[in-house]
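Since the structure comes first, as structure tokens, the remarks are kept for the end.
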Amino acid sequence: MRLIIPLVLVFVFSQITTIVVAQNDKVVSGKSSVKHIKTTAEPEMPKMRGSGDPLKGLNVAKDEAMIIGNYYALIIGVDNYTGAWTALENAVKDAKAVKELLRAKYRFDKIKTLYNAEATRESIINEMIWLVDNVKAEDNVFIYYSGHGEFHKSLNKGYWVPVDATVASVSKYISNSDIQTYLAGIKSNHTLLVSDACFSGDIFRGKTMSVPFEASERYYRKVHSLKSRQALTSGGVEPVMDGGSDGHSVFAYYMLKSLRDNDAKYYDASQLFDGLKIPVTNNSLQSPKFSPIKNAGDEGGQFVFIKK
């Protein structure tokens, strides 16, 4: 018995020593009950709900170059009203100044103008239809209207007043809802309507949203890749001024100033609005409006002026 106990203790001590050494050295014999431990520590990878590539699906690819189509402009100005409508003094001057600035400083491939006697109801609609039939998906359209506007309270609808509307009848006008229909039909990437007329803000119906501005080339690529149908108006559902500064309406004066003062290669419609909204509001009784046009195909993009 005295010999057996020491032998048992030696055997137990031997097994404990073997296990401790094996664990410390990370080596275990083939028949040992100790589980195998890898010689090099390897951190466990987190489980993925997918392929296991943590970057897959993220927008980390190199940004593609902007695909820029043709730039079209339709510019309308009417002073020479007759009959029920009083003549204006600065609408045509404003329209011509906008045309000359766009042609001189910014990229525009085709500019069509309708001044005074040319700006009949039929001619304006024909030009809109031309844009619907000829503008391609990668193109950009700028439309500027300067003239009388009217709001029919009973119909709750605003209108442009063409030069041949000598009587106060909605049958002679062009409704904002018709303009909205034409804008929706133009297959452009971007369409920006600028309207310097009374009650022009009636074209905004319903809640809309836009991509927040960011001063980076990535932002311009982003908003250029998304379709836009937007309007910038000299006021809401209210009268607006024909006069202002330097022979222009207060709205046209600050719009032209904002476009002239820009030195950047890209200048989008939201920046144009930011450049004129405070001075126009502070120097007149009107409040300019800028927003996407509801149900016209807007996807959150921006019309981008590209400096020559």
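List of remarks:
- Share of pairwise Cα-Cα distances greater than 19 Å in the stretch 124-182 is 36 percent (whole percent).
- Note on the stretch 71-306: the alpha carbon radius of gyration divided by the globular reference 2.2 N^0.38 Å gives 0.93.
- Stretchable slack from Ala168 to Ser287, in nm (0.36 nm times residue separation minus alpha-carbon distance): 40.3 nm
- Two-site FRET efficiency, Ser123 against Leu155, from Cβ-Cβ distance with R₀ of 22 Å, rounded to 0.05: 0.35
Computed from the coordinates by the stated procedures, all read-outs in this text should not be read as laboratory data. Computed from a prediction, not measured in an experiment: that's the story for all the values here. All Cβ positions, glycine included, derive from the backbone under ideal geometry; neighbour counts span all protein chains shown.
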